[in-house]
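Here the structure is laid out as structure tokens; the discussion comes afterwards.
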Amino acid sequence: MRVVIDTSSLLALVRYYLPFDKDNLLKNLLIKKVENKEIVILDKVAIESKRTARGVIVEKLEFIEDKKNQIKTDTLLPEVSFLRDLENRLCYAARKNILTDIQFDNRKKEFLESADAKLILFCLTNKDQLGLDKTIVVTEETKADNDNKVFKKLPELCSLLGIDHCNITVLLKNHYNLKLSEYLI
């Protein structure tokens with residue numbers, strides 16, 4: 001199993017888990033998993049992490065800034081089927097219809113360069129045909145639409161595209177089988 005993590009989950013780790021981390025046990029586990037590429041940090045997520053909450057993520061999880069711990073996303077390009085889905089299933093039709101074609105194309109280009117799109121493209125590109133080595137997106141976002149954007153939220157995109165997803169708590173407890181009481185004060 002491989003995990004690709006978004007900025008919201010890294011922020012949740014920094015805010016809600018690391019302040020209570022016993023002797024850096026949880027942080028050291030994360031470092032090991034990132035270095036072994038069990039947890040994937042995309043370069044777009046690392047950039048977002050610097051800009052979010054005054055850089056607290058990279059301040060507390062300094063290993064994220066190390067280029068050897070990042071996966072470059074400039075070669076993650078969408079296939080034609082993904083672009084077709086983006087224009088139909090993965091956007092809100094009512095919002096798309098009020099935009100001109102040029103405005104929609106600009107929003108689409110903007111979205112395709114976002115960390116969310118790169119997380120999805122990474123999963124689609126690295127999808128194991130046999131289902132033996134699955135990739136899971138970890139995000140704290142919910143499916144609830146609350147930002148009036150043209151494209152759907154990350155968990156909804158994952159569901160529509162058949163990509164497994166969970167939040168950081170589920171990852172730690174259910175996928176890594178951690179007893180958080182052993183790691184946290």
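The values are calculated or read from the model by the stated rules, or taken from the named source; none is laboratory data. Remember, predicted model here, so these are calculated numbers, not experimental data. Glycine also receives a Cβ, built like all others from the backbone with ideal geometry; neighbour counts cover every protein chain displayed.
Selection over region 81-91 of residues that are assigned to a helix (DSSP H, G or I) and without any contact (Cβ under 8 Å) to a residue 40 or more places away in the chain gives a count of 4.
Would you check if there is a residue in region 92-103 being in contact (Cβ under 8 Å) with a residue 12 or more places away in the chain, in contact with a strand residue (DSSP E or B) (Cβ under 9 Å, 6 or more places away or on another chain), within 20 Å of Leu10 (Cα to Cα) and not small (Gly, Ala, Ser)? Checking region 92-103: not a single residue is in contact (Cβ under 8 Å) with a residue 12 or more places away in the chain, in contact with a strand residue (DSSP E or B) (Cβ under 9 Å, 6 or more places away or on another chain), within 20 Å of Leu10 (Cα to Cα) and not small (Gly, Ala, Ser). I'm trying to understand the selection: among the residues of region 156-185, which are of a type in the set (Ser, Thr, Tyr), under 23 Å from Leu13 (Cα atoms) and under 18 Å from the mean Cα position of the chain (by Cα)? Selection gives Thr169, Tyr176.
Restricting region 109-131 to residues that are in contact (Cβ under 8 Å) with a residue 40 or more places away in the chain, part of a helix (DSSP H, G or I) and not aliphatic (A, V, I, L, M), the residue that is farthest from Pro155 (Cα to Cα) is Thr125. Evaluate the following for Glu87: is it out of contact with any His (no Cβ under 6 Å at 6 or more places or on another chain) and closer than 25 Å to Ile5 by Cβ? No: the conditions fail for Glu87.
Counting only residues that are under 17 Å from Ser8 (Cβ atoms), in contact (Cβ under 8 Å) with a residue 40 or more places away in the chain and not in a loop (DSSP other than H, G, I, E, B), region 132-155 holds 5 of them. Against the numbered list (1) closer than 30 Å to Glu182 by Cβ; (2) at pLDDT 95 or above, Asp43 comes up short only at (1).
If you go through region 19-46 and keep only what is surrounded by fewer than 17 Cβ atoms within 10 Å (Cβ to Cβ) and farther than 23 Å from Asp133 by Cβ, you end up with Pro19, Phe20, Lys22, Asp23, Asn24, Leu25, Asn28.
Here Pro78 fulfils each of the conditions (1) surrounded by fewer than 17 Cβ atoms within 10 Å (Cβ to Cβ); (2) not in a helix (DSSP H, G or I) apart from (1). Number of residues in region 1-52 that are part of a helix (DSSP H, G or I) and either in contact with a Gly (Cβ under 9 Å, 6 or more places away or on another chain) or of a type in the set (Asp, Glu) (or both): the value is 5. Restricting the first member to region 172-185 and to residues that are among the polar types (S, T, N, Q), and the second to residues that are surrounded by 12 or more Cβ atoms within 10 Å (Cβ to Cβ), the beta-carbon pairs closer than 9 Å and six or more apart or on different chains are Asn174/Cys166.
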